[in-house]
1. Testing the spin-label approximation: label points 7 Å from Cα along Cα→Cβ at residue B:35 and residue B:16. State their distance in nm.
2. Tell me, what is the FRET efficiency for residue A:197 and residue A:157 to the nearest 0.05, using R0 = 22 angstrom and their Cβ-Cβ distance as r?
3. Kindly state, to the nearest 0.05, the FRET efficiency for residue B:101 paired with residue A:81, given R0 = 35 Å and r defined as their beta-carbon distance.
4. Going 7 Å from the Cα of residue B:131 along its beta-carbon direction, which residues of the range B:75-100 have the amide nitrogen within less than 19 Å of the resulting point?
5. Using 0.36 nm times the number of residues separating residue A:231 and residue A:39, minus their current alpha carbon distance, what extension gain do you get?
6. Taking the 0 to 90 degree range and rounding to the nearest ten, how far is the long axis of helix A:225-236 tilted relative to the main principal axis of chain A, both from C-alpha atoms?
7. Rounded to the nearest 0.05, what FRET efficiency do residue B:164 and residue A:129 give with R0 = 35 Å and r taken as the Cβ-Cβ distance? Could you check?
8. List residues of the range A:66-86, by number, whose backbone nitrogen lies under 19 Å from a label position 7 Å along Cα→C-beta of residue A:27.
């Protein structure tokens with residue numbers, strides 16, 4: 001007999017070992033997320049996928065599905081928290097959408113649209129961060145990094161290279177590059193690596209490819225990330 | 001006296017692009033003007049804001065005059081609206097926040113290419129620059145935010161017609177854009 005848990009009042013079937021996120025996606029239900037990707041080990045850092053499991057708040061991407069659980073995701077409380085978390089991501093970095101080549105295809109922006117975020121609420125920190133343009137094909141703008149560690153995981157788990165790491169804690173957290181100089185040009189990263197293509201924001205971008213898709217034809221111009229995510233993540237898992 | 005809704009507008013550290021986009025409602029201006037009249041605004045040249053129903057603020061806050069104007073609007077407007085990316089997060093002008101102000105002034109007025117008679121402007125009439133460009137919600141309470149660079153004419157129209165109809169303004173998915 002199939003095991004199920006309840007997600008926002010709907011019975012969701014799951015297989016032993018699946019997380020709440022995996023079961024929800026398999027059943028066609030979107031739970032907002034940024035650091036989760038079906039191809040890589042769950043990381044549980046962005047907290048956008050926080051849901052209430054039997055009244056306690058858990059990250060859906062790491063919490064195992066269990067028979068009889070009552071899970072709440074689409075509530076005013078959860079989505080209000082998600083909006084605040086997204087606003088924190090915006091003010092802790094430097095996310096100037098009008099001048100960013102990822103605009104329209106950016107998952108951070110897509111999640112913010114989905115959550116109907118119109119402002120940043122908090123005071124902006126305007127942190128001073130550098131750009132690494134040393135690599136001939138790839139550019140890193142650390143201003144746009146949200147520390148999801150997808151590039152770290154993609155480089156380790158798929159490319160077998162270990163190019164990236166997250167260093168430091170709290171407000172001093174930063175993305176670092178594994179090379180003697182600390183610069184991207186001296187790392188093993190190539191334009192065909194999965195890590196080059198996995199960034200949900202405009203932090204890692206491929207040079208000479210910007211603004212090729214006109215406004216109106218970009219990923220999230222007409223389609224919400226909730227639909228795009230179901231098409232993409234649903235196909236992978 | 002009139003029972004028309006009174007609107008004031010201003011551009012602080014902005015480029016007037018949001019005002020231009022507002023004017024892009026085109027012939028709908030004729031319908032709008034049946035219901036509203038403009039107080040202080042670049043459209044009227046009225047110098048100070050009187051009691052208003054709605055204040056539309058374009059641009060962030062980059063100098064002392066911006067702060068005074070913003071506070072004048074807050075004092076006189078029942079509903080204050082942050083219009084566009086610069087008002088909401090500082091936008092393009094805030095990209096100077098990563099360069100010390102002294103370096104900005106030196107580059108612009110002392111050491112930059114093609115400068116003759118180098119001197120940093122210090123006329124007492126000039127408002128003092130702030131060390132950083134700030135979004136307006138960090139200075140005064142803001143009631144609504146219209147994102148976009150600029151917000152499209154349809155965003156202005158949807159927002160104002162919602163308010164004029166007495167309903168809570170809301171933007172559709174297609175109208176909510178940060179670029």
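1. It works out to 2.8 nm between the two label points.
2. 0.95
3. After rounding to 0.05, the efficiency reads 0.40.
4. Residues passing the 19 Å test: B:90, B:94-100.
5. Full extension of this stretch gives 67.7 nm more.
6. So the inclination is approximately 90 degrees.
7. 0.20
8. A:66-76, A:78-79
None of the figures in this text is laboratory data; all of them are computed from the coordinates on show. Here the structure is a predicted model, which means the values were calculated and not measured. No Cβ is skipped: glycine too gets one built from the backbone with ideal geometry, and neighbour counts run over all protein chains shown.
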